[in-house]
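Undergrad: First, the structure itself, so that you have it in front of you.
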């Protein structure tokens, strides 16, 4: 009798478990925070071909990572240098951490973003990986969305007090 009750209990528990709605891990994960300008950055996902102001070839790829909460940019120059930039939302600002081929990691941030615009500017907050605060590192970035398939970037660099600006223009390839 006890064995029959135990078997009946196990069957009821199994039936109850199977009748619960299945949930995938994607359904249980909260949606990534967003705002209109960060959503515009996300439209860059794909491959881009471009040039610097000297005519040297540069490739960009953009990929969403971390459940869509981070946009990863990979830049490969014709000379073989490779850099990664990670864009993430923090409140109403976008943070940019740039993993430079020089071995440092400057962090830049946008101004508070209330509306979508054609241009997004980032300014220096701090850096890691510098031997001295005067070592060469990125201090600013301006991104201009020319249209859905054309993009320009102006990178500002500081090296021992000397300021440099690099202009890059890109066209989407896929």
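Undergrad: Round to a whole angstrom and tell me the spacing of the C-alpha centers of the stretch 44-118 and the stretch 129-152.
TA: Centre-to-centre (Cα) distance: 8 Å.
Undergrad: Taking 1 over the mean of 1/r across every pair of different Cα atoms in the stretch 94-140, what Kirkwood radius in Å do you get? Mind showing how you got there, number by number?
TA: Details: mean 1/r = 0.0871 Å⁻¹.
Kirkwood radius, the stretch 94-140: 11.5 Å.
Undergrad: Same structure, new question: Determine the gain in length on full extension of the stretch residue 65-residue 52; use 0.36 nm per residue of separation and subtract their C-alpha separation, reporting nm with one decimal.
TA: On the way: separation 13, 0.36 × 13 = 4.68 nm, distance 2.67 nm.
This chain segment gains 2.0 nm when fully extended.
Quick note: the coordinates plus some simple rules give every number you see, no bench work behind them. Keep in mind the model is a prediction, meaning the values are calculated, not measured.
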